[in-house]
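J.: Just dropping this structure here.
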Amino acid sequence: MIVVHATSSYDSRFTSKLGVDGAIRFAKEKHIPVIYLQDDSPEQFYFMDDCNPDYWVHSQGGEIHFDMTPAHLYIVGGHLELCLSATLHDVIYQWAKKPPRDHTVTYFMDAIYSNGKSIDPSEPYYGDLIKFLNVVSYGRPGGEYWTKLNLLESMGLIVRQDNQIEYIKGTLPHWERTFPDAYQVEVQLRGSVNTVLRSAPGWNPPRILFDFVDSAIYSHTS
């Protein structure tokens, strides 16, 4: 599990804190190695209850320089559109260079923060997003900026599952530029039937699955 920049420097509402803490407990109960990415923002602003991961790694923008050998990555923390995206691009680039095999990225949505900038203003739920952000930032100190919500809250604003799937498809790392056509690429939301983003030839091609789960707190993922 990689925990990307879980800090109030970027998530001042602590929208992802409950999810991050639950995800870390989940990982430790399952004996999944936990890596915290830390940038140059003040150390005291990092809000994880558990300060004893397997590794602390400096990463200013979410980039990683260590070898990602596991086939299953759990991802929490960081800014969905920025540092978390950078982390995932580095991970899938490494995976694509290794011998073909199945890979899964599990997103715990209540543990990932976002500024909603990837939601197109033409979408029917865009107005609800703006209202929500205006409410949660109302009267906040003038020095605060870049209001965040967590990815699960975004799902609550979008409501319809077909729209939710379209939205999360737009947040994925650029798999189409990374994995060759021999890989089948799928996305799953809350255990629903997998949506195939790109099929691959053969009876059992290697598969990349982007799996979106509400929360590790209630998850039975193993």
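J.: Rounded, prolate or oblate: which fits the range 90-184, taking a ≥ b ≥ c as square roots of the Cα gyration tensor eigenvalues, rounded meaning a/c under 1.5, else prolate when a/b beats b/c?
T.: Prolate, because a/c is 1.5 or more and a/b exceeds b/c.
J.: Which residue, His31, His89, His79, tops the fluctuation ranking in a GNM of the chain built on C-alpha contacts under 10 Å?
T.: His31
J.: Count charges around Val20 for me, please; just the other residues with Cβ under 11 Å from its Cβ, Lys/Arg as +1, Asp/Glu as -1.
T.: -3
J.: Under 25 Å between alpha carbons: how many lysine pairs meet that in the chain, if sequence neighbours fewer than 8 apart on the same chain are excluded?
T.: Here the count comes out as 14.
J.: So what is the relative contact order for the chain, in percent, with contacts set as C-alpha pairs under 8 Å and at least six apart?
T.: 24
J.: Can you tell me the length gained on complete extension of the stretch Asp162 to Ser137, counting 0.36 nm per residue apart and subtracting the Cα distance?
T.: That works out to 6.1 nm of additional length.
J.: Extension gain Glu29-Gln60, at 0.36 nm per residue separation less the Cα-Cα distance, in nm?
T.: Once the chain is fully extended between Glu29 and Gln60, it gains 8.3 nm.
J.: Calculate, for Cys51 and Trp146, the FRET efficiency according to 1/(1 + (r/R0)^6) with r their C-beta to C-beta distance and R0 35 Å; round to the nearest 0.05.
T.: 0.90
J.: Tell me, what % of the accessible area of the chain is carbon and sulfur with a 1.4 angstrom probe?
T.: 54
J.: Which value in deg cm²/dmol, rounded to the nearest 500, describes the helix-derived mean residue ellipticity at 222 nm for the chain, given -39,500 (n - 2.57) per DSSP H run of n ≥ 4 and division by the residue count?
T.: One gets -8000 deg cm²/dmol as the mean residue ellipticity at 222 nm.
J.: Rounded, prolate or oblate, given the Cα gyration tensor of the chain, with a/c below 1.5 counting as rounded?
T.: oblate
J.: Take the alpha carbon gyration tensor of the range 1-83, find the square roots of its eigenvalues, order them as a ≥ b ≥ c, and report rounded if a/c is under 1.5; if not, report prolate when a/b exceeds b/c, else oblate.
T.: The shape class here is oblate.
J.: Another one. Before I look further, what does the chain give for accessible area per residue, probe 1.4 Å, in whole square angstrom?
T.: Computed with neighbouring chains in place, this is 49 Å² per residue.
The values are calculated or read from the model by the stated rules, or taken from the named source; none is laboratory data. In this text, all values refer to a predicted model and were calculated from it rather than measured experimentally. So basically every Cβ, Gly included, is an ideal-geometry build from the backbone, and we count neighbours across all protein chains shown. Only protein heavy atoms, including side chains, enter the accessible area calculation; ligands, DNA and RNA are left aside. Shrake-Rupley method; radii C 1.70, N 1.55, O 1.52, S 1.80 Å.
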